[in-house]
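For reference, the structure is listed below as structure tokens.
Just so it is clear, none of the values below were taken in a lab; they were calculated from the coordinates. Nothing here was measured: the structure is a model prediction, and the numbers come from that model. Backbone-built Cβ (ideal geometry, glycine too); neighbour counts: all protein chains shown.
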Amino acid sequence: MNSISPRRRFARAAVAGLALTGLLAACGGSGSGDDSSSGASGPVTLPFWGWANGQEAVVKAFNAAHKDVKLKYTKVTDQLTMQKQLTNAVKAKNAPCLVQNTAEYVTSWVSQGALADITKYVEADKDKFNSGSWAAAQVQGKLYGVPTSSAPNFTIYRTDIFRKYGLKAPATWDDFIAAGKELKKHGVKITNFAGEDPSTLEVLAMQAGAHWYAIDGNSWKVDFQDEGTLRAAQVIQEIIDNDLNSKLSFADYAAVQRNYDDGGTATRQISTWQMAGMVQNFTKSDGKWALSPWPTFSGEAAKTPAGTNLTGSLTLVTKQCDHQQQAAEAALWMSTNAGAVKTMASPETGNGVMPALADSSAYVDDAISAKLLGTNYEPAKKVVTDSLSTVTTDWTFGPDWTAMFTEMQAGWAKVVNKQQKVTDLLAHMQQWTVDDLKSRGISVKG
């Protein structure tokens, strides 16, 4: 996230491969991108879809500060719902002007011709952002949105529960599993694997050095069974086989939060934005949580997974928007206005996200909660900032990421419910992804 080189390499190579297939051709749509039609009968209205807490307040502030441009906000349930709704909207040629999304989906949307190239409207503001977040909005050097956040990742754990059973914050995944076995004796799960969310597999594979997608010449290379992925699979399988995980779906968000608050599950690997839900929903465990680094694989230095839906968001501009310049400028305002940034950075008023700005250190205090962490608040600041210096930098997202992730969801549910092994899911995803890319006319090896 702080490193720009891997995504720049990816951007150049990825679109070279995509361009061979013609997948970057425009989808068509009602929006011409011509801004000349604005203003004759009133302010330009820009539809904006998002899901993050705090966005409604930011939109209200934007509208109060602007006479000629207004945002019309629609709150979508969550990120996965956004993918489905945006797909349908693009097909129906009524896509909103602005959408919240995360880095892993940019290439997919560009390949479908859904996003507008807004480079000329925002490139002068590059230095306001950290390089990793800025790179996340790019494909082949062209910008399709404005970064809103760059999220650190860490473990949050219940200090009272760990202390009660003589446990320390797990430094390695081996420690994590051992702690889970001890907690199980006392009716406590060490983590939660939601059956609808395979990002657990994704981020552990990323941390272990996996490469599901890579560019090989003019072709994509697919490998869901490399050494790093299998190491991640082994950790996950041991957690599942030993019943160390809860299986709570985030479809019942309140139940998940109650479980953590009541002490049913003792840790989460999360980012600052996920702390917001804890702050807003907990009534019993305030002050009993602490942060520690992600567990490492034994013998390895600290690594923080990057570039997933656990990390930074972007405000993307769609190709069907008739007012792309105003949309780009609105996106910039939401990511750089001091009041808007502070609102989103706080877990009380926003989503607890670390800004994408070049220097976000001033917002650490706002992004974590003294109410939640109690006496562990000051040490937590270092965990947050340290995690940004250990981010993995060699992960590549493929052009069919949305479809791949959806397919993986179904298999992940079976894994969590012990209906198949993680390695079975990986073997399926290997063949499925190769076949899917070929069906799209994309050159692929694997």
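Some points to look at:
- Within region 224-244: backbone nitrogen closer than 16 Å to the residue 427 label point (7 Å, Cα to C-beta): 224-226, 230, 233-234
- Partners of residue 382 within straight-line reach, counting lysines whose Cα lies under 17 Å from its Cα and excluding those fewer than 8 residues away in the same chain: 303.
- Listed by chain and number, the aspartates and glutamates whose C-alpha is less than 16 Å from the C-alpha of residue 75, apart from same-chain residues fewer than 8 away, are 56.
- Built amide H within the under 5 Å cut-off of residue 45, gap 5+: 70
- Region 381-446: C-alpha gyration tensor shape, a/c 1.5 cut-off, then a/b vs b/c: oblate
- Where Rh is the Kirkwood radius over Cα pairs, Rg/Rh for region 91-159: 1.07
- Calculated on C-alpha atoms, the gyration radius of region 65-110 divided by its Kirkwood radius gives an Rg/Rh of 1.01.
- Simple spin-label estimate for residue 406 and residue 252 in nanometres, 7 Å along Cα-Cβ: 2.7 nm
- Radius of gyration and maximum dimension Dmax of the chain, Cα, Å: 21.5, 70
- Taking other Cβ atoms within 10 Å as a rough exposure proxy, 86, 332 sort from fewest to most as 332, 86.
- Take every Cα pair under 8 Å whose residues are at least 6 apart in sequence, average their separation, divide by the length of the chain, and the relative contact order is 28 percent.
- Kirkwood Rh in Å, taken over region 349-421 so that all alpha-carbon pairs contribute: 15.9 Å
- DSSP beta bridge pairing in the chain, given as percent antiparallel to the nearest 5: 65 percent
- Amide H to amide H, with H built 1.01 Å from N, residue 130 comes under 5 Å of 357, 358, counting only residues 5 or more places away or on other chains.
- Theoretical gain in end-to-end length, residue 81 to residue 216 [0.36 nm per residue, Cα-Cα removed]: 45.3 nm
- Helix-derived mean residue ellipticity, 222 nm - over the chain, DSSP H n ≥ 4, -39500 (n - 2.57), to 500: -12500 deg cm²/dmol
- q = 0.22 Å⁻¹, region 215-275: log10 I(q)/I(0) [Debye, one scatterer per Cα]: -1.00
- log10 of Debye I(q)/I(0), alpha-carbon scatterers only, for region 227-379 at 0.10, 0.13, 0.17, 0.19 Å⁻¹: -0.49, -0.79, -1.16, -1.29
- Cβ-Cβ distance of residue 301 and residue 168, R₀ of 22 Å, FRET efficiency by 1/(1 + (r/R0)^6): the value works out to about 0.70.
- Take every pair of alpha-carbon atoms less than 8 Å apart whose residues are at least six positions apart; their mean separation over the length of region 204-319 yields a relative contact order of 21 percent.
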